[in-house]
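The values are calculated or read from the model by the stated rules, or taken from the named source; none is laboratory data. Since the structure is predicted, the reported quantities are computational estimates derived from the model, not experimental observations. Because the Cβ atoms are built from the backbone with ideal geometry, glycine has one as well, and the counts that use them run over all protein chains shown. Ligands, DNA and RNA are stripped out before the accessible areas are found, and what is left, the full protein with its side chains, is counted by its heavy atoms. Shrake-Rupley method; radii C 1.70, N 1.55, O 1.52, S 1.80 Å.
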Amino acid sequence: MSVDLTGTYLTLDDGRPAVRFSRTYDHPVERVWRFVTDPGELSRWFPSRAEMELRPGGTIRFSGDPNMPESTGRVLAVDPPRHLSFAWGGDELHFDLEPLGERRTRFTLTDVLGAADTAARNGAGWEVCLAALDAAARDEASDGPHAGAGAAWKEFYDGYVGAGVPSGAPVPGLD
């Protein structure tokens with residue numbers, strides 16, 4: 001099975017590795033903001049249940065991922081409805097929303113990686129999660145990010161490795 005890779009591996013200006021994804025949704029920015037910040041909406045596509053104190057320095061509680069233990073993170077920055085960033089494990093997640101008129105929004109997710117060798121693994125994971133977000137944005141049912149053996153994670157992972165994206169980090173639930 002051939003998959004289309006939508007993520008880009010890059011090195012940020014400060015030297016940190018990252019993977020970045022961009023989508024355009026036919027929803028106003030306020031609606032897409034709810035996809036990013038509302039626990040009920042997040043549960044449709046994000047790898048963990050995330051309940052957050054939506055303020056800089058606020059706590060985020062992550063739970064419900066069958067492959068990861070419960071944990072906490074910290075909100076780094078918030079500018080509703082345009083930007084949210086938070087620490088999650090050793091990574092930073094940055095969500096940037098740009099209105100494209102009144103009814104469309106460009107959604108950009110940048111996963112600033114704690115280690116470069118997580119790029120292929122995380123990129124593949126975000127492909128699966130963002131496919132679930134794409135379905136949610138179309139108001140379609142989806143198995144979400146934990147679809148089990150039916151998820152295309154391995155094909156995405158192989159695609160990223162084949163494209164030369166750094167790899168080798170352990171894979172929770174498989175290693």
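A few notes on this one:
- Extension reserve of the Asp139-Glu30 stretch, reckoned as 0.36 nm per residue once the Cα distance is removed: 37.6 nm
- The residues of the chain have, on average, 50 Å² of accessible surface per residue, using a 1.4 Å probe with all protein chains present.
- Ellipticity estimate at 222 nm from DSSP helix runs (n ≥ 4, -39,500 (n - 2.57)) divided over the chain, nearest 500: -7000 deg cm²/dmol
- Legend: calculated FRET efficiency, Asp38 to Arg16, from the Cβ-Cβ distance at R0 = 25 Å, rounded to 0.05, equals 0.30.
- Computed FRET value (nearest 0.05) for Arg104 with Glu155, which takes r as the C-beta separation and R₀ as 35 Å: 0.75
- Alpha-carbon centroids, the range 1-23 and the range 96-175: separation in whole Å: 10 Å
- Whole-percent carbon and sulfur share, accessible surface of the range 26-87, 1.4 Å: 47 percent
- Cα centre as origin, Lys/Arg/Asp/Glu Cβ charges: the range 26-107 dipole, Debye: 120 debye
- Translational diffusion coefficient (Stokes-Einstein; Kirkwood radius from C-alpha pairs) of the range 5-110 at 10 °C, 1.306 mPa s, in µm²/s: 110 µm²/s
- The charge dipole of the chain, taken about its Cα centre with unit charges on the Cβ of Lys, Arg, Asp and Glu (plus for the first two, minus for the last two), comes to roughly 200 debye.
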